[in-house]
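Have a look at the structure below, then the notes.
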Number of protein chains: 2
Amino acid sequence: MGNMQISINECQERKTKPSTDGIAFGRNFTDHMFIADYTEGIGWHDHRIVPYEPITLDPSAIIFHYGQTVFEGLKAYRAKDGAIRLFRPEENFRRMNESCDRLCMPQINEADALEALRTLIKVDREWVPEAEGTSLYIRPYMIATEPHLGVAPSLMYKFIIILSPVGMYYKEGIAPVKILVENEYVRAVAGGTGAAKTAGNYAASLKAQAVAEKMGYSQVLWLDGVEKKYVEEVGSMNVFFKIDGEVVTPALNGSILGGITRKSIIEMLKSWGVSVTERRITMEEIKTAQQEGRLDEAFGTGTAAVISPIGEFSWKGDSFTIHGGKAGELSTKLYEELTDLQTGVKEDTFGWVTEIREEAVVRN
Amino acid sequence: MGNMQISINECQERKTKPSTDGIAFGRNFTDHMFIADYTEGIGWHDHRIVPYEPITLDPSAIIFHYGQTVFEGLKAYRAKDGAIRLFRPEENFRRMNESCDRLCMPQINEADALEALRTLIKVDREWVPEAEGTSLYIRPYMIATEPHLGVAPSLMYKFIIILSPVGMYYKEGIAPVKILVENEYVRAVAGGTGAAKTAGNYAASLKAQAVAEKMGYSQVLWLDGVEKKYVEEVGSMNVFFKIDGEVVTPALNGSILGGITRKSIIEMLKSWGVSVTERRITMEEIKTAQQEGRLDEAFGTGTAAVISPIGEFSWKGDSFTIHGGKAGELSTKLYEELTDLQTGVKEDTFGWVTEIREEAVVRN
C-alpha cells in the first residue's frame, strides 16, 4: 500500500438489517467489503470498496492447498453520542504483519489498512448496532491466491475486510464457562505457528473442541505441546488466574497468541496497582492453589467475549470448581471497565480508542 | 456419496496442451475438474465433471479463516501400450478419510471417489503425457465452504479433483539434494495435525524452507517438536537411511505423514529380503554412523520425486556428505524398480496399479 487510493463502488440497494437480538455470531454481513490485491513485483494495488460479494479463485489457488492465510478480529462499538469507536485497531494490523512474517506473506501498510477500515465503516456505518452489548465485528484477512500447486510462498494475495453485526454475548451478566484441560491434542508448539493468527491453528483445534463439547464442556484449555504441563490458552482466548491475590497469566513463549485483550487487561490491572505476572504456570500449580483455597478466580480474555470467567476445570478425570462456579469480582470489574471504555460509557484514559464520526476521524 | 451419479458437462473447446518438456510443476491444468458438494444432513450430492473453472465462495467461507481442508497427491502414468496407470489410488482416498477425521470433516465414499477419478481421467485422457518420466499429477482435495465466522466444523464442503500434466523430475538421472537440518522451526508435534495431509502443515513449513534456500539447501529435515533430536521428515517427503547394511526409517508416531511411497518402499525392500526397521532415530545417530563410515545412503520418498537421494546434511553448522554426494545403489534401484512398475515397463507383482483403458478399467 502507501499512497493508497480507494475506489468506492456502493451497492444499488441496501440489505435489510437483521435484528441484533439473538443474532448468531458471524453469519450476517454488511453491504460492502474492502479488497486490495497483491502481486509480487508490483505490491498492493486496486484498493477498493465493493458490494459484499463472492470471491472467485482458481481451483489451484494456494489458500486451498497450502493454507497461506492470516486473519484478525476486532470490534467497532456505537457510543451513546452516535460516534463509532474502534478498540486498538492499530494493534490488530501490527499483529497481522507479525503473522504475515511467520507465514511468508507480504506486509501490509498498517496506516493504510486502518484508513481502509475507517472508510469501509463509514460506508456501512448504519450497520454498527446501537443496543447495549452489541457491536460490529471486523474481520481483516489475507489469502494466497496464486494458481500454483507448489509448496512455496504465493506470488499473489488478497487483503480483505468484512464486517458482521453481532449481538450481546452475555444476556444476563457475564456467565462462567466449564473448561476441559486437553491431554491428547496439541494446539501449537514453540517453533510452530501458535503465535500467528493463522487458519491452521484453528483447524487443529476442532477435534479437541468436539470431544470437550460431547463431555459437556464449552472449551478446552491447551497445555504446552512438549511436556503437557504448562498452561497455554483456553479455546481461542488467553487465560488469567488470580492466586494469592496476584494475577498470573502464561508468558508469551512463541506458541501462545499475543491477544490484544490480554495486553489491555495486563495494562489495566497494572494501572489499578494490581500485581500481574507473566510466567510459566503448570496445571498442577492451578490445581494445588484451588485445593488450598488460594485460587480465587480464573478467566479467559478475547475479542468475542472480552472476559469469560472460568467456573470449573476438568483435568485428567478430576473436576474442580473456581469461585463457587460464579463470576468473580475481578473478572466482573475487568469486564465492566473494559466494555465501558470500549463503548464510551467511561472515559478512555489509556488512549486505546479511535473514534469515527460522520465526516471526521478523531483520535482520543 | 454412495449410488453416485456423475453428470458430465464437457467443455466446447479443448485447451492447447503445453509441451511437457521443461513444464513447471503444478501450473497447467486439464480441461475438466470433478466436484461434489456436501451439505450436513444431506450428505454428498451434485457429483459432476465440469470444465476447469474458478471456484466462487463467500468471503466468510470457513476455508479462508479456519483452514478446514485436506488434500491428496498421486499420479497417472501412460504405459507404452497406451493404458493409463494409477499407482495405489485407493491408498490416497483411505488416507484422505483419515485426514478428514482429524480435521472434523466428512468422510468420502472411497470407491465413489476412485470411480470419480477414473471418469475424470477418461474425459481428460489425452492429457496423460506419453514422454518418459512424465505423468499426470492428480490433486483431490476438500474445502470447508460454509459462510460462517465461527470456530466450528463447517456444515458445507466441496470435494474437488483437478489434474495437472507434469514433466520429468530428473533430467539426467536421479540427482542428490542438500538438506538443512532444522533446529528452530517445527513442522508438527504429536497431538497436532502432522499425520494429516492438511494445509496448515505446509503453511507452517514455508519459513524454514525459505531460510534453507537462502543458505543453498534445497529442503529441510524436520526434527521432532519436543526434544528436537529425532528425525521426522525431509521437506514434504519421508526419509530413509541405510546404516550397517540395514534400512531404517522413522516410525509413524502421530506427527509424521504416512506416505504411500514410504509404505511401498518398505514393502518393496521386504520383498527383496532387505531388512527394514521403522523406529525412532536421532540425528546424532545419523551423524555418528556417517563419521564411522556406516551410513551408506539416505533418501527421501514422495509422490513428486518418487526417490530423492540425499547427498549432504547440514546440522548445527556442520555439514557432512553421504555416499560421496552421489546417488547410492539402493536409492537408484528403488527409483528404477518403482517407476518401472508405475509406468508398466515391469510387471506389477504387488497388485498396486489400477489401469484405465479407453472403455474399461482393469485391475491388475
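The alpha carbons of chain A occupy a box of 62, 52, 35 Å along the principal axes, longest dimension given first.
For A:ASN183 and A:ASP46, the difference between the fully extended length at 0.36 nm per residue and the C-alpha to C-alpha distance is 44.6 nm. Largest GNM mean-square fluctuation across B:GLY192, B:GLY317, B:GLY254, computed for chain B with C-alpha springs under 10 Å, falls on B:GLY317. Once divided by 2.2 N^0.38 Å, the Cα radius of gyration of the protein assembly as shown becomes 1.00. Each other copy holds its own label point for A:ARG14; taking that point as 7 Å from Cα along Cα to Cβ, the gaps run 5.5 nm, nearest first. Projected over every direction and averaged, the convex hull enclosing the alpha-carbon atoms of region A:7-168 yields 9.9 nm². Please report the spacing between the Cα centers of region A:161-225 and region B:278-309 in Å, no decimals. So the two Cα centres are separated by 38 Å.
Structure shown: which of A:LYS197/A:LYS346; A:LYS197/A:LYS242; A:LYS207/A:LYS242; A:LYS242/A:LYS270; B:LYS17/B:LYS122; B:LYS207/B:LYS316 lie over 20 Å apart, alpha-carbon to alpha-carbon? Let's see the in-between values first.
Values: A:LYS197/A:LYS346 30 Å; A:LYS197/A:LYS242 27 Å; A:LYS207/A:LYS242 29 Å; A:LYS242/A:LYS270 14 Å; B:LYS17/B:LYS122 16 Å; B:LYS207/B:LYS316 18 Å.
Where the Cα-Cα span goes over 20 Å, the pairs concerned are A:LYS197/A:LYS346; A:LYS197/A:LYS242; A:LYS207/A:LYS242.
Distances between equivalent label points of B:THR56 across the copies, with each point positioned 7 Å along Cα→Cβ, amount to 0.7 nm, shortest listed first.
The simple spin-label model puts a point 7 Å past each Cα toward its Cβ; for A:ASP348 and B:LYS333 those points are separated by 7.2 nm. Extension gain for A:LYS326 to A:ARG14 (0.36 nm times residue separation, less C-alpha to C-alpha distance): 108.0 nm.
Inter-label distance, B:ASP21 to B:LYS263: 3.8 nm, where each label sits 7 Å from its Cα along the C-beta direction. Between identical copies, the spacing of A:GLU347 label points, each set 7 Å from Cα toward the C-beta atom, reads 9.2 nm from nearest to farthest. Based on Cα atoms of region B:177-343, Rg over Rh with Rh as the Kirkwood radius reads 0.93.
Every number here is computed from the coordinates shown, using simple stated rules; none is lab data. These figures come from a predicted structure and were not determined experimentally. As a convention, Cβ positions derive from the backbone with ideal geometry for all residues, glycine included, and neighbour counts pool all protein chains shown.
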